[in-house]
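Structure first, then comments.
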């Protein structure tokens, strides 16, 4: 019988090639906790808990303490030999501590990685309920948008042209830093890239209700080809999202307002948005993420899967979810693309706007990078 032997949490910091700037924060590193779980057969599963003070409130210290103090004692020694055992132990992890969704998502991904390795299949196939590798209905190559950090119009135009040259065809612009000039920033990017690129906006809770209506109406009237506007208001104001949606002509997406199934049902009940952004660090589980996508699709909501600023480990889990449960729109899976390097050997790889899932077993990660640079803190 295969059992969980040990759980470890390792804080790491990975440099970004370009600063990442939103209405909420600026960062030049991905700061995260890598969780590894080893089973009695000697396999290791991988997961990731990102530090996101301004969104989830989770920190490196908090995630590490949660894994070491609460989740490790609850999990070590439990059977992890098959899918039924995975469901039981994953549910146990969810019950062992309130909230702490990033830490729980990291443990959950590592558990799925281990079971998929044991079956000789991928995490995507495991989530899809098949034992096949990435063949048939499952894809091994996904498409991502790319984020344009908040900035001045001229800078954004230059960056947008560079991203097109690198192969990206969907751009997610960070707005919400200054409602008075947000429209001019979008116009500058549209003029720079022409009609061959899709543009979506993320205000990261940066506008008031009135500002959101004013800016979104102006964007619509300017005919700038905006695909949708993500999280225009503070997270708690779901009623406000519905209020804005009734008054504008562009689709509205919920991100910070939608953590798990409870939030999703509230959004559905209020008719608050047109789309939702599912993130593992918000919902805490691949299983919950899959259920959220299915529920959203059931009621006709559009979907994407996104992430916090995470490394190739966390993005490996997120892309596996999309491969198993495709979203209605191009997902937001570029976070690890910003890293100067992966902290691990194996896993996902980027080429332009494409992400290739590893063709090995589990998440395809075989160990830490030998230089260990990402782990120096």
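Table for the structure above
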item: Likely footprinting exposure, 342, 351, 307, 208, fewest C-beta neighbours within 10 Å first; result: 351, 208, 342, 307
item: Separation of the residue 8 and residue 359 label points, Cα + 7 Å toward Cβ, nm; result: 3.1
item: Estimated FRET transfer efficiency when R0 is 56 angstrom, pair residue 191-residue 1 (beta carbons, to 0.05); result: 0.35
item: Added length on full extension, which subtracts the Cα-Cα distance from 0.36 nm per residue, residue 161 to residue 84; result: 22.8 nm
item: Calculated FRET efficiency for the pair residue 370/residue 269, C-beta based, R₀ 41 Å, to 0.05; result: 0.20
item: Packing-based exposure ordering (other Cβ within 10 Å, fewest first) of 236, 82, 31, 202; result: 236, 82, 31, 202
item: Antiparallel bridges, percent of DSSP beta bridges restricted to the stretch 141-375 (to nearest 5); result: 30
item: Using a Förster distance of 22 Å, the FRET efficiency for residue 234-residue 152 (Cβ separation, nearest 0.05); result: 0.30
item: Gain on full stretching of the segment that runs from residue 53 to residue 92 - 0.36 nm per residue minus C-alpha separation; result: 11.4 nm
item: Alpha carbon centroid spacing (whole Å) that separates the stretch 142-206 from the stretch 16-67; result: 26
item: Degrees between helix 83-95 axis and first principal axis of the chain (Cα, 0 to 90, nearest 10); result: 60
item: Simple label model, 7 Å out from Cα along Cβ direction - residue 299 to residue 217, nm; result: 2.8
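The numbers here are math on the coordinates, done by the rules we state, and not lab data. Because the structure is predicted, anything quoted here is derived from the model rather than measured. Cβ coordinates were reconstructed from backbone atoms using ideal geometry, including for glycine residues, and neighbour counts include every protein chain displayed.
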